[in-house]
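In what follows, a structure is listed as structure tokens, so that the remarks can point back to it.
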Amino acid sequence: MCAIHQPNVFPRLSTLAKLFAADCWIVLEDVQFTRRDYQHRARLADLDDPARQRWLTIPTRLPSGRSTLIRDALIDDAALARRRTEGMLRQHYGNSPHWPALAQALAPVLAAFATERTAAVAEKSTRLLLDLLGWPGQILTSSDLPARPGRSQRLADLAAATGARAYLCGTGGMTYLDPAPFEAQDITVLPFRPPSTGVWSTSRRVSALWALAALGPQAVAARCRALAAAPEAMLEA
């Protein structure tokens, strides 16, 4: 089972759960950077009141303007961006009993600011959160795999390159996905729709950091495993 997703900064719980349910995550980093997406920002929910939310944004400049690829986007003043990111994370989640484990896991994310590349920080943040959940899957990069042009055709080719027999697709992707290229390669498209109650009620908006800080990595991992065990049931979740 394969998931294809752009590198997101401290991804939302719904995104993290989708990747967790897959055997392989293909990092889609050779497509156009989009400022209104989650490639350089995340919503941090207050530890005690998740309805209170604040954007964490990595200031990003695009060397080639709007045509800049995600992998080529650069952090504007990486040292300052690192300090602000570290301060916001501590401010929001420093009082959590799980903060020591989170802080230790997040140290390599802060170190990635030295690359001065937004995508490096975003990908590292997702890798580290998956590691916290004990995900045993494989991570590949889209630019390293063969694929034909065309949005759905390319996704189908990338999935096929991993040997996947199923493709996990989020709710946004299902609005435009053409299933024909997947059917041609005998790949089943599975819509990924997590529940909308409990910890999942904010999963499509706020960073998974809130759930990890409020419940702890083991509790979040247990919920993700429950979804991953029966992805077909997500249609009714």
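The values are calculated or read from the model by the stated rules, or taken from the named source; none is laboratory data. All values reported here derive from a predicted model rather than from experimental measurement. Note that we place each Cβ from the backbone using ideal geometry, even for glycine, and neighbour counts take in every protein chain shown. Remember, those area values only see protein heavy atoms, side chains included, never the ligands or the DNA or RNA. Shrake-Rupley method; radii C 1.70, N 1.55, O 1.52, S 1.80 Å.
Whole angstrom only: what separates the Cα centroid of the range 1-28 from the Cα centroid of the range 52-67? When both Cα centres are located, 20 Å separates them.
Pair-distance distribution of the range 168-236: all C-alpha pairs, bin width 10 Å, starting at 0; shares per bin in whole percent are 18, 44, 27, 11, 1. The trypsin sites (Lys or Arg not before Pro) found in the range 30-78 that occupy coil by DSSP, while having at most 14 further C-beta atoms within 10 Å, are ARG35, ARG36, ARG52.
A 1.4 Å probe run over the range 41-112, with the rest of the protein chains in place, finds 55 Å² accessible per residue. Here the accessible area is traced with a 1.4 Å probe on the protein chains. For the chain, carbon and sulfur cover 48 percent of it.
Quick one: Debye curve from the alpha-carbon atoms of the range 1-95 only, equal weights, vacuum; give me log10 I(q)/I(0) at q = 0.10, 0.22 Å⁻¹ to two decimals. With one equal scatterer per Cα and no solvent, log10 I(q)/I(0) is -0.32, -1.17. Per residue, the convex hull spanned by the Cα atoms of the chain amounts to 116 cubic angstrom.
What's the local net charge at ALA105, with K and R +1, D and E -1, over the other residues with C-beta under 12 Å away?
After counting each charged neighbour, the total is +1.
Placing unit charges on the Cβ atoms of the charged side chains and taking the dipole of the range 69-212 about its Cα centre, the candidate lying farthest along the positive direction among THR118, HIS98, ALA78 is HIS98. Annotation: for a label point projected 7 angstrom from Cα along Cα→Cβ of ALA230, residues of the range 178-203 with backbone N closer than 17 Å are 191-197.
Using +1 on the beta carbon of Lys and Arg, -1 on that of Asp and Glu, and nothing else charged, what's the dipole of the range 96-237 about the Cα centre, debye to 20?
Dipole size: approximately 300 debye.
For the range 119-176, the convex hull spanned by the alpha carbon atoms encloses 117 Å³ per residue.
Above 25 angstrom, tally the Cα pairs of the range 103-211 and express them as a % of all pairs, no decimals. So the portion of pairs separated by more than 25 Å is 37 percent.
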